[in-house]
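Working notes, structure below.
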Amino acid sequence: MRIFVAGGTGVLGRPLVEALVDRGHEVTASTHRSENISVVEALGARPALMDGLDEAAVRRAVLGAAPEVIVNEITALSAPARDYATWLELTNRLRSEGTRTLMAAAREAGTRRVVSQSASFMTEPGGSEPTDESTPLYLDAPEPIRSHVQANIAAEALVSGTPEIEGVVLRYGFLYGQGTAIGPGGDWAIGVASGDLPIVGEGTGHYPFVHVGDAVAATVQAVDRGRPGIYNVVGDEPAPQADWLPYLAEILDAPPPRRISVAEAEEQIGVQAVYYGTQLRAASNARARSELGLSLTYPSWREGFREVFG
């Protein structure tokens, strides 16, 4: 098939492009940096220089590729920022404004199916059972969590609600592996190794981890499999912060992580540290397993972490 990957040189985009090319698809991959054009070409794909917020550029790139399927992996999460809200600001715009532009171009190009990135870690707190795709989202979250949830909701609605297009939303878990924050040289790995990442309160927040390779494999499946809708792409084993932080510290030969109170976390890091560290609920991948054929090389983050860090 003719496939357009928006954000084709990111942590997910690059291995996804390679996987799609290996399966014999004709792939066009966008990048907003001219120096990455050679990267796309080396992967065997056709490059398209495109800023995800430039309506004319998006339309030109999509119509030029005439894709049957679009996979949207555009974010700005690799860019450093001084605080959490600033870090999310551009990604939020790409999710809301950028998705609107991309879906309009997809419809004009006659695209049949759009597969788009979202997040599994934005459900409202409360309850001990794992969340699924119907679990209410954290609409009344404190800022800056609320703005990120709203941007994701806007993107999901655009993907699912555009007429004549099969919209598939993949709510990825926290990615780990090569090129991610939880990978060699990644920010979280460095923070754990240096003792800078603390356990918040009792550390009862359940992180839905997924290896980047498993996320890519699920995305490849979603290109031509599964009904339109929303799918959690996460591992089988939720990871309480009080478990995964010491486990990773041990693998990295780092000191055991320190503990801080909820009040200290909110003051020193931000409200997001409290939400993720103490309130985040486990997420179920049952729907992705049954409809997308999700098959995990690393069903448990425990074996995945050991593989990543050797």
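The values are calculated or read from the model by the stated rules, or taken from the named source; none is laboratory data. Owing to the predicted nature of the structure, the values given are computational and were not obtained by experimental measurement. Ideal geometry is used to build each Cβ from the backbone, glycine not excepted, and the neighbour counts take in all protein chains shown. Accessible surface areas use protein heavy atoms only, side chains included; no ligands, DNA or RNA. Shrake-Rupley method; radii C 1.70, N 1.55, O 1.52, S 1.80 Å.
Numbers below:
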{"quantity": "Failed criterion for Glu264 (all others in (1) in a loop (DSSP other than H, G, I, E, B); (2) open to solvent by 50 Å² or more (accessible area, probe 1.4 Å) hold)", "calculated": "(1)"}
{"quantity": "Matching residues, region 250-260, being within 18 Å of Glu202 (Cβ to Cβ), open to solvent by less than 50 Å² (accessible area, probe 1.4 Å) and not in a strand (DSSP E or B)", "calculated": "Pro257"}
{"quantity": "Residue in region 272-283 that is without any contact (Cβ under 8 Å) to a residue 40 or more places away in the chain and open to solvent by 30 Å² or more (accessible area, probe 1.4 Å) present", "calculated": "no"}
{"quantity": "Of all residues making up region 284-306, the number that are surrounded by fewer than 17 Cβ atoms within 10 Å (Cβ to Cβ), in contact (Cβ under 8 Å) with a residue 40 or more places away in the chain and assigned to a helix (DSSP H, G or I)", "calculated": "3"}
{"quantity": "Helices (runs of 4 or more DSSP H) within region 25-114 that include 3 or more residues of a type in the set (Ser, Thr, Tyr) and either under 25 Å from Ala222 (Cα atoms) or open to solvent by 20 Å² or more (accessible area, probe 1.4 Å) (or both)", "calculated": "84-93"}
{"quantity": "Matching residues, region 209-249, being of a type outside the set (Gly, Ala, Ser), within 18 Å of Gly293 (Cα to Cα), open to solvent by 10 Å² or more (accessible area, probe 1.4 Å) and not in a helix (DSSP H, G or I)", "calculated": "His211, Arg225, Arg227, Pro228, Ile230, Asp236, Glu237"}
{"quantity": "Filtered residues of region 156-181 (kept if buried (at least 20 other Cβ atoms within 10 Å of the Cβ), under 13 Å from the mean Cα position of the chain (by Cα) and among the aliphatic types (A, V, I, L, M))", "calculated": "Val169, Leu170, Leu175"}
{"quantity": "Residues located in region 68-112, provided they are of a type in the set (S, T, N, Q), closer than 14 Å to Ser147 by Cβ and at pLDDT 95 or above", "calculated": "Thr91, Asn92, Ser96"}
{"quantity": "Leading residue by the ranking (farthest from Glu18 (Cα to Cα)) among those in region 189-200 that are small (Gly, Ala, Ser) and either buried (at least 21 other Cβ atoms within 10 Å of the Cβ) or without any contact (Cβ under 8 Å) to a residue 40 or more places away in the chain (or both)", "calculated": "Gly191"}
{"quantity": "Failed criterion for Gly161 (all others in (1) without any contact (Cβ under 8 Å) to a residue 60 or more places away in the chain; (2) in contact with a strand residue (DSSP E or B) (Cβ under 9 Å, 6 or more places away or on another chain); (3) closer than 22 Å to Ala283 by Cβ hold)", "calculated": "(3)"}
{"quantity": "Unique residue being more than 15 Å from the chain's Cα centre (by Cα) and acidic (Asp, Glu) when the list is Glu55, Glu73", "calculated": "Glu55"}
{"quantity": "Filter pass, Ser34 being polar (S, T, N, Q) and within 18 Å of the chain's Cα centre (by Cα)", "calculated": "no"}
{"quantity": "The lone exception for Glu129 - which of (1) among the charged types (D, E, K, R); (2) assigned to a helix (DSSP H, G or I); (3) over 22 Å from the mean Cα position of the chain (by Cα) it fails", "calculated": "(2)"}
{"quantity": "Region 1-24: number of residues that are free of Cβ contacts under 8 Å to residues at least 60 places away in the same chain and open to solvent by less than 10 Å² (accessible area, probe 1.4 Å)", "calculated": "1"}
{"quantity": "Every residue from region 130-148 that is touching a residue at least 24 places away in the same chain (Cβ under 8 Å) and open to solvent by 40 Å² or more (accessible area, probe 1.4 Å)", "calculated": "Pro130, Asp132, Pro142, Glu143, Ser147"}
